[in-house]
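Any read-out appearing in this document is the output of simple, stated calculations on the displayed coordinates, not a laboratory observation. Nothing here was measured: the structure is a model prediction, and the numbers come from that model. Heads up, the Cβs are rebuilt from the backbone with ideal geometry, glycines too, and the neighbour counts pull from every protein chain shown.
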Amino acid sequence: MVEGRRLKPVTNVVSTKKELIEALPITGSIGLVMTMGALHAGHRQLVDAARKENETVVVSIYVNPLQFAPGEDFDTYPRNLAQDLELLGDVDIVFAPTDEEMYPREPLVRVNPGEVATCFEGKTRPTHFAGVLQVVAKVLNLVRPDRAYFGQKDAQQLALVRTMVADLDMRTNIVAVPIVREESGLALSSRNAYLSTEERNLALALVGSLRAAREAAAAGASPEETEKVLSEALEAAEGVAVDYATIVNPDTFQRVSSNAKQGLGVVAARVGPTRLIDNMEVTFG
Ligand code: AMP
């Protein structure tokens, strides 16, 4: 629950596509926020942005099996619909479908996310983004929102959703929402629930390395030097197994060129059994 907020739990919860379509208004703008539940203040920020800009706000809550590979945390992913609904009091419609409703059969036609889905997150999770884009395309087609809100927290996902919407001429504006962090700097994530108190402290190395990179870039380090600062800071952290620590172009997820003005520091690391990601814009110069 977000502190200081006392909202009545949202009551307009629909679980079938038919109910969803019937609940949608005929006029006025629609804002969509897609989530996997286990909601926190990061999700709430997306809802607040949607609330400001649209007459109707729709939130989907669905742990999409297609984006989890065997052996990942699909079965253990935190699910608590009643608690989630308390955070969504001023939302007009919540769409919380079952797997049977979303995928009555194995989908035959699949979204191919292309090359950007094969690097960074896609390298560790090769089927992940195809699964994400499949469900995003489905929910965008069902809700047909004017705007859909995605967190900068999942920067590669955001880039891929933007690419899909552009390449398939989908008529929704994709709005990026900045990362919400704890006071400690830790980026809010539903997966933080897996962390012990000690692991939460170790996890601060992710944001710490990104801040070090941002400062180095601002002080005049080149992209190559900045990347070195980023990866060395994260590698040096105790109890953190680094997956990647790189400076990329936020649209293409290619390495930034040596004369770039801006880049995105992206990191992924395992803290205990939990894999965490974070990112931060860096400006050179
Ligand atoms: P998830 O439920 O993890 O699939 O996330 C649903 C949406 O919330 C995605 O667009 C995420 O990028 C966004 N989100 C998750 N955590 C944060 C955060 N700490 N700050 C901003 N957006 C977030």
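The table below gives the values:
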item	result
Strands (runs of 3 or more DSSP E) contained entirely in the range 188-285, each with at least 2 residues that are surrounded by 17 or more Cβ atoms within 10 Å (Cβ to Cβ), touching a residue at least 40 places away in the same chain (Cβ under 8 Å) and of a type in the set (A, V, I, L, M, F, W, C)	262-271, 274-283
Helices (runs of 4 or more DSSP H) wholly inside the range 23-137 containing at least 2 residues that are within 15 Å of the ligand (Cβ to nearest atom) and surrounded by fewer than 20 Cβ atoms within 10 Å (Cβ to Cβ)	41-53, 81-87
Meets criteria (part of a loop (DSSP other than H, G, I, E, B) and of a type in the set (A, V, I, L, M)) for Met164	no
Candidate set: the range 138-150, residues that are within 16 Å of the ligand (Cβ to nearest atom) and not in a loop (DSSP other than H, G, I, E, B); chosen: the one farthest from the chain's Cα centre (by Cα)	Val143
